[in-house]
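Just so it is clear, none of the values below were taken in a lab; they were calculated from the coordinates. What you are looking at is a predicted structure, and each value in this text was computed from that prediction instead of being measured. Here Cβ is always computed from backbone atoms with ideal geometry, including for glycine, and neighbour counts include all displayed protein chains.
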Amino acid sequence: MPVYVRKNLLSITPDSLGTQSSDEEDYIRDPEQMYDVLPQPFRLVNKIVNLIFDVAWEVISEREAARIAERSRVRPPQYDCAIALPDYGDALCITGSPDGRYAFFGLPQGIAMIDAATQAPVAMWNHGTADATISSMKVCSIGVQTYLIAAMDTEGNGRLLCCAYECIHPLKTFNEDVSGSLITEMLLSNDGDYVSVAVKNGADVWLDVWHLPRDNWMREVETAHSNAVKQQQQQQQQQQQQQAEKQDSSIDMATSNEGITTDNTSKSTSSGSPRGSPTPHHGGVANPAPALNMSQMSKPTAVLRVRPTPSTVNGVSGSVSAIFRAIDEGNDVGLGTKQHLITEQHLEKRRQVFRQQHEEELRHLQDEDSISSPQPLCSFLNPSHMLVTGLESSNDRPNSIAVAWTGSTNICHYNLLKPSKGSDRRSTTIDLEHKPDLVWPFASGITCLATSPCTSLLAIGHRDGTLTVYDQHTGVPLAVKKLSPTGEPSCVCFLNPSILPPAQPPKEPFTSPDAYLLAHCTDGSLSIVRCGYDGVGTVKVIEPATESIANGVISIQPLTGIPQVVIVVRGGGEVTLVDVRRGHALCLVALRAADCKLTAVVPPVLSPAANAQMLYIKGVKDVIDESDETSDTCMFVFPLRSFPALDPFMKNRTEPQPYTVHITAQKRFDSLLSNRLIRQNNRQQRMQRRWNNLAPQVIPCK
């Protein structure tokens with residue numbers, strides 16, 4: 001058998017060590033390469049299964065990391081010293097009086113008033129409407145232990161009540177004049193001079209502003225109370241006289257008739273004594289309830305009616321010349337709904353083109369019927385240089401209102417002191433509607449409004465997660481900050497400047513301090529915003545955004561009486577007291593019962609009272625046995641004095657400082673002149689030293 005041998009084998013250069021193959025390459029390192037590639041569709045199924053396992057492993061890793069971080073961090077202490085109040089477990093809302101003396105509960109029967117410190121019942125008012133529960137209340141103080149209450153129920157009724165001398169009296173029902181109307185929102189001014197009422201009647205929505213004669217009501221209630229006290233005293237005197245006459249007649253009969261024994265005399269006196277004793281009042285109320293005649297009470301006056309921003313096609317002019325004749329110099333900013341050539345036919349064609357181009361995307365949107373109607377966002381403002389009408393009056397009384405509608409990008413300012421024909425009963429309500437005095441346009445929709453207690457600072461939240469802070473007294477913007485890329489501000493609270501140190505000391509005595517705000521976004525994040533007139537603002541994130549509803553923040557509420565502490569409620573019902581200065585939790589408010597947890601509804605039913613001495617929270621029991629007929633809700637009160645974590649704040653209470661300092665030009669000039677006169681001696685001494693130093697240098701030049 002022939003063998004072919006290759007010639008010149010020795011002339012072939014052998015491979016270098018770097019190019020020689022190792023023994024490991026002779027084997028398959030990856031066991032999966034032993035098999036052939038899967039055909040379709042099995043290869044797609046394999047990729048999907050692997051993707052599912054990879055995503056599941058990422059979720060498991062994140063949860064494990066979160067569990068390890070939760071175990072490693074220091075948990076705040078839990079306090080469960082709760083006192084149960086089962087009689088108020090059906091309350092849908094609770095609020096405390098501004099002075100902290102009383103607490104008001106919204107019940108299915110009406111409004112219950114108790115002493116905030118001792119939980120003793122004080123008064124009860126029954127609305128007399130079946131299947132209606134008080135769902136929202138706002139309370140403001142108009143005098144010494146005299147309050148105005150704006151209450152709404154689940155049936156859409158809005159009422160205004162007065163609480164005086166530990167009694168509650170109804171004053172007005174706002175939707176009784178328009179049949180079929182519902183009240184969706186009510187807001188009282190801080191001093192009780194005005195109330196705004198959002199009314200919905202079918203598809204029509206508007207906002208009414210009423211002026212309240214609070215001074216007249218106080219005098220009328222005081223007069224009715226004094227008359228009731230006099231009547232009660234007269235009745236007691238008459239009962240005492242009748243009792244004395246009966247005793248005298250029984251004694252005369254006993255002396256004249258020998259057949260009457262002492263037993264009968266004792267029986268007559270004992271039976272007559274209970275009639276003369278006064279009847280105890282319910283709930284320990286010692287003062288009588290004055291019988292108020294509502295027909296004789298002063299009536300509120302409607303001063304303004306605001307409707308949502310009209311459509312852009314309203315007020316279309318017929319020609320270009322008519323538009324130019326109607327246009328002014330252009331110094332005013334309007335709503336952009338007047339004097340234009342945009343017709344309804346043009347807009348309808350644009351809508352048809354848009355629907356044809358985006359038919360696939362539009363089918364995922366909500367139907368027009370399911371879209372909710374716009375809701376008003378309003379705040380009462382004190383006099384400022386923006387609206388000069390009312391500056392001659394007291395600066396602590398509101399003279400204007402800022403109104404924004406959900407989905408709108410404009411804030412309209414209306415003056416409440418303008419003379420209106422609507423105050424006359426013979427005139428129509430159309431006279432109450434007038435154009436806004438100021439319009440502030442923004443680039444994004446408005447989600448929330450908030451004002452400082454002095455109403456000098458106005459905070460505006462937008463849909464794009466931006467927060468704008470204005471000094472509405474002078475019209476100067478203080479800050480425009482981006483809070484969250486995914487959420488939008490839902491609640492903003494102003495913090496007193498005394499609780500946080502200033503970023504830099506004030507240069508002048510009339511310089512306003514920095515403003516601090518606590519903002520909550522819909523993604524669960526919580527931030528503190530600092531802004532001032534120096535133009536530099538900062539955002540400090542206390543709680544980051546979270547995707548889990550159970551761990552995210554759903555509500556914040558300042559602790560009245562301790563401005564350094566804020567009540568934070570999470571989605572799972574966890575209530576935490578947070579120190580806003582350091583940004584960490586002080587303690588957790590918990591319940592002792594394992595089958596009961598704090599309420600997790602939005603908004604949560606809780607309120608501080610008695611100047612940060614008590615905290616009222618509604619609890620919900622986990623239903624285990626359906627046959628159990630007991631109520632699954634209960635009201636709890638926590639004495640905050642028993643929380644050791646709050647002792648440093650209660651012992652060292654800070655004095656509140658003004659949010660802004662606004663002085664006249666004359667006072668500013670006087671302050672600058674006085675500072676210059678004080679530094680006059682220093683300037684003379686400095687000039688003398690300069691001349692003395694210059695003399696040795698000038699003489700050698702000669």
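Here are the numbers for this structure:
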{"read-out": "Net length gained if the chain between residue 84 and residue 684 were fully extended (0.36 nm per residue, minus Cα distance)", "value": "208.6 nm"}
{"read-out": "Over 21 Å (Cα to Cα) - which of 299/418; 172/230; 138/618; 138/172; 482/540; 138/651 fall in this group", "value": "172/230; 138/651"}
{"read-out": "Chain lengthening between residue 666 and residue 40 when straightened (0.36 nm per residue, less Cα-Cα)", "value": "216.7 nm"}
{"read-out": "Estimated FRET transfer efficiency when R0 is 51 angstrom, pair residue 360-residue 227 (beta carbons, to 0.05)", "value": "0.10"}
{"read-out": "Length gained when the stretch residue 131-residue 654 is fully extended (0.36 nm per residue, less Cα-Cα span)", "value": "183.7 nm"}
{"read-out": "Förster radius 35 Å - calculated FRET efficiency between residue 482 and residue 345, Cβ distance, rounded to 0.05", "value": "0.30"}
{"read-out": "Percentage relative contact order, the stretch 105-251, counting C-alpha pairs under 8 Å, at least six apart", "value": "13"}
